[in-house]
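Below: the structure, in structure tokens.
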């Protein structure tokens, strides 16, 4: 099953919602406040903190089992033009969820999309940089026994 | 919009969320329909430790309403520390009136005792149960004991009582003495002294039992036959004392022994603190009663 | 002498709480510890509290540790009691540990495996010498960790994928149409337990208890002869399908530790000899715990693999009923509560037996004279 | 999954779900603890067409996503079904043997009690609770109840039960610990007949 069939043609929205969720709350607030014109928004559903039950797979690849829960905060907002957005973010930061929802709504607005897109890309770059720094540190702790190039089948 | 990141002080009425209450309520109804049978339930973590009354607290939270009057006792007394702590909890989370007066209460939560004053039809008695399985001391495996209940195979329990008679000339159990409900389910009455067992039989009140850590709820409806196990030649008998209560003079209540020094001086006083206070107010006095009774009275409401 | 009863409980409790609060703060001349400091500098304590508290939230775990004065089982309890009050939005899709952004991955099975032996931030080869520079006041100078020119490539092959072409190691695939996994937070234990129920119980189980069980297994009490196939630590995304969207989104990243233990199995008439495995997965960086879980998981699979069961670690009722430290701690400590009603019942009995004993002795003495 | 609900047409549920469900539960608990005694749930909610007030109150108090509910086909697809799905969020099941609760709109059409889940030997609590709407709780043939929860005996006389219902209830009681638990409702009134109750038609 391809991702397309799962998400019903929403891979883009799926990506930006993920970027917004994985941003540090502070980064999102700073990026939001740096926007030249910030739209006003009203709550469709007030930010609310709850739990998502996190599942793993037996043996890493098998059937699901429940590992534990994580705190998640969600919000839904509406822009004056009527676009609605949702935010689901790990943790209990309500501002994070509201701003994620606001940016989601902007991304659906023809007039606001460009501005929101820049914000999302900035957050994505910050996340990528963090991830890469960790990957470089990990590589620096790799014990190298052999120097040959390993051949792996392409699948 | 509501302020973001406002500190959250809000807990649902009676602490538990509504879904949890529904789950517990369904379990209570099944427990009443199958008297003495232990209904497994999805016990939740409570803000007091397991073993400290979480089963009783969950039962109370599932049934209590603002019109209830709540009494909580431990060892028969209203002023024992854990009873004070649980009573405060419900005063705070369920906005209920609390009382020490057994006759005034609509819900009585208890650890280890049943009040001396007979219960009434408008009362619900809730027992905190540490170990709901009467057979657990004889068989540690849940898979085994559940099968014994399923097929009413209680021979093991009788063998154990018989062994006690052989060894001591009597049945050795003084508290948590097993009972048979309607001649079908063997049940632990919770660790009440066997002195209280007769109060379970043909009770006017609904009796609910909750074991939070062991995740079991069971019940005895009013007017249900509750028989303490025994043998024809070794009949069930309750504790008696040669002494009377040192404070109120009662000769028929369960007594606590209080050591007064390390030379063997002791006095016996009622375990049921409200029963004792009520008797003293009515003018009864035991051999060691002082006269500053005002201090022991509840402040006027 | 005369006695009256007074009500001392209420006041004593309030005063005890106030003293506790004062003791938690300690010497006021020393600056107060912030929860951020705990979150950042006591991060393995935070991880343990999240794993056993069964609730991933670094800030809440740090707060719990502060409030509990560093008593980790007490902090676990605080976190569990808090989670009872939150609504549940739903369950995530299973996290895919194959896609983990690995910070550490080692295998004891091969000298080198695809992706390499990546040590990550480990205590393993530190010499356990107290570092007195840490005791100095103020900031200790820290050199930033070196970064390689090339970042570690992800996803990193797993021990399972390395074995896959030879079928030497049992491979687990999702079952078509598998039902919802067992959820201990909604249902009481049920026996015989499925592996889903066991793995959930072990993930939230007490590290010390599981460590000792695993150790007992290594020493021969239900030996599983384990070999550490792989340990990996890193970040995975958690995906969740909100009802209103109908498609999965990532709600965040969490740190997890995963361990695969290998045990040989000689097979049967119908089953080729193959390595079987035990699996451990925990929140946070909890390596000792993940390894213990993997060993205990393997021991508990004895029925399915057809092994004898004669040791505690192989007895699922014994293991699962006693692994939760919130339950265990509450029940052991409830012995502090007054028990004088039951004690009075037992005292009466012992006194009677003693009286009868001395009467018998006296009678025997009389008869002898 | 069932079709999308038209929210505009849904009757309201409890105004104050926390307080009302607690008050209803206490009445129902007492009714189950004292079989044959009549609980008056008039303070609760007006159900949608087809559902008696007391049946609606019990549904809101006890049904949720953990309880598969068997709904009388007479209520299927109608307002009552939409109302229950929306307010209780319970899954509906067409199989009587899988239901945690069954809601029978008209007693005359009640499936045999033995068709519902009877529980099993080790878990007799996993049986169906059958809620039956009857014409009235008085005026029918007198039936004598005895058993746990009843001091000596209680006489009830519900109207509109199908022929042979009391024989079915006797069989249900005789197989204790197995069995279904029954609630009879009429308008705002409810009485319970748990499996522990022995019911016999008064002779003469």
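Taken together, the values in this text are just the output of simple stated rules run on the coordinates, not laboratory data. This is a predicted model, so every value here is computed, not measured. Virtual Cβ from ideal backbone geometry, glycine too; neighbours counted across all protein chains shown.
The mean sequence distance of close C-alpha pairs (under 8 Å, at least 6 residues apart), as a share of the length of the range A:3-140, puts its relative contact order at 23 percent. Building the convex hull from the alpha-carbon atoms of the range B:1-135 and averaging its projection over directions returns 10.0 nm².
By the equivalent-ellipsoid construction on the alpha carbon gyration tensor, the range B:88-230 comes out with semi-axes of 29, 17, 14 Å, ordered largest to smallest. Length, then width, then depth: along the principal axes, the Cα atoms of chain B run 75, 58, 38 Å.
For the range A:79-135, a Kirkwood radius taken over Cα pairs fed into Stokes-Einstein (4 °C, viscosity 1.567 mPa s) yields D = 105 µm²/s.
Sorted ascending by nearby beta carbons within 10 Å, beginning with the fewest, D:45, C:313 become D:45, C:313. When the Gaussian network model of chain B links Cα atoms closer than 10 Å, the mean-square fluctuations of B:156, B:32, B:135 top out at B:156. What the pair-distance distribution of chain A shows, using all Cα-Cα distances binned every 5 Å from zero, is 2, 8, 13, 15, 17, 15, 11, 8, 6, 4, 2, 1, 0 percent. Kirkwood hydrodynamic radius computed over the range C:156-232 comes to 15.5 Å, based on all pairs of distinct alpha carbons.
Tell me what chain C gives for mean residue ellipticity at 222 nm when only DSSP H runs of n ≥ 4 count, each as -39,500 (n - 2.57), the sum divided by the residue total, rounded to 500 deg cm²/dmol.
Values: 13 runs with 146 residues, N = 369.
Mean residue ellipticity, 222 nm, calculated: -12000 deg cm²/dmol.
Note: the range B:172-301, Cα convex hull, 193 Å³ per residue.
Quick one: if the Förster radius is 30 Å, what FRET efficiency do residue B:239 and residue B:12 give, using the C-beta to C-beta distance and rounding to 0.05? The pair residue B:239/residue B:12 has a calculated efficiency of 0.10. Across chain C, counting alpha-carbon atoms alone, Rg and Dmax equal 26.7, 100 Å. Considering only B:114, B:63, B:181, the mean-square fluctuation computed in a Gaussian network model of chain B, springs between alpha carbons under 10 angstrom, is largest for B:63. Each residue of the range D:60-204 gets 112 Å³ once the volume of the Cα convex hull is shared out per residue. Counted residue by residue at 0.36 nm each, then reduced by the alpha carbon distance between them, the extension gain from residue B:67 to residue B:266 reaches 67.4 nm. Taking every alpha-carbon pair under 8 Å whose residues sit at least 6 apart, chain B reaches a relative contact order of 19 percent.
The Cα-based radius of gyration of the range C:11-83, divided by its Kirkwood radius, gives an Rg/Rh of 1.02. Rounded to the nearest 10 degrees, the angle from helix C:43-53 to the longest Cα principal axis of chain C is 70 degrees.
Across all directions, the shadow cast by the convex hull of the range C:18-134 built on its C-alpha atoms averages 11.6 square nanometres. Between the helical axis of C:340-368 and the longest alpha-carbon principal axis of chain C there is an angle of about 60 degrees. Per q in 0.20, 0.24 Å⁻¹, report the Debye log10 I(q)/I(0) for the range D:135-190, using one uniform scatterer on each alpha carbon and no solvent. With no solvent term, the Cα-only Debye profile gives -0.87, -1.20. In this simple spin-label model, placing a label point 7 Å from the Cα along the Cα-to-Cβ direction at both residue C:109 and residue C:354 gives a separation of 6.4 nm.
Neighbouring Cβ atoms within 10 Å as the yardstick, rank B:52, C:19, C:221 fewest first.
Neighbour counts put them in this order, fewest first: C:19, C:221, B:52.
How do D:151, B:215 rank when sorted from fewest to most other Cβ atoms within 10 Å of their own Cβ? In increasing order of surrounding Cβ atoms, one gets D:151, B:215. Note on residue C:132 and residue C:218: with the Förster distance fixed at 25 Å, the Cβ-Cβ geometry gives a FRET efficiency of about 0.10. Specify whether the C-alpha gyration tensor of the range D:59-124 places it in the rounded, prolate or oblate class, a ≥ b ≥ c being the square roots of the eigenvalues: rounded for a/c under 1.5, otherwise prolate if a/b is larger than b/c and oblate if not. Oblate, because a/c is 1.5 or more while a/b does not exceed b/c.
Considering helices alone, the calculated mean residue ellipticity of chain D at 222 nm is -7000 deg cm²/dmol, with DSSP H runs of length four and up weighted by -39500 (n - 2.57) and normalised per residue. In this entry, the protein assembly as shown is assigned a mean projected area of 54.0 nm², taken as a quarter of its C-alpha convex hull surface. Can you tell me the FRET efficiency between residue C:93 and residue C:367 if r is taken as the Cβ-Cβ distance and R0 is 56 Å, rounded to the nearest 0.05? E(calc), rounded to 0.05, equals 0.10.
For the range D:99-152, the square roots a ≥ b ≥ c of the C-alpha gyration tensor eigenvalues yield an a/c of 1.5 or more together with a/b not exceeding b/c, which makes the shape oblate. Does anyone have the angle between helix C:72-83 and the longest principal axis of chain C? Alpha-carbon axes, 0 to 90°, nearest 10? For C:72-83 against chain C, the angle is about 80 degrees. If you take the Cα centroid of the range D:13-45 and the Cα centroid of the range B:34-99, the two points sit 21 Å apart.
The overall shape of the range D:1-140, judged from the alpha-carbon gyration tensor, is rounded, with an a/c ratio under 1.5.
Using a Gaussian network model of chain C in which every pair of alpha carbons under 10 angstrom is joined by a spring, one finds that among C:245, C:320, C:168 the greatest mean-square fluctuation is at C:245.
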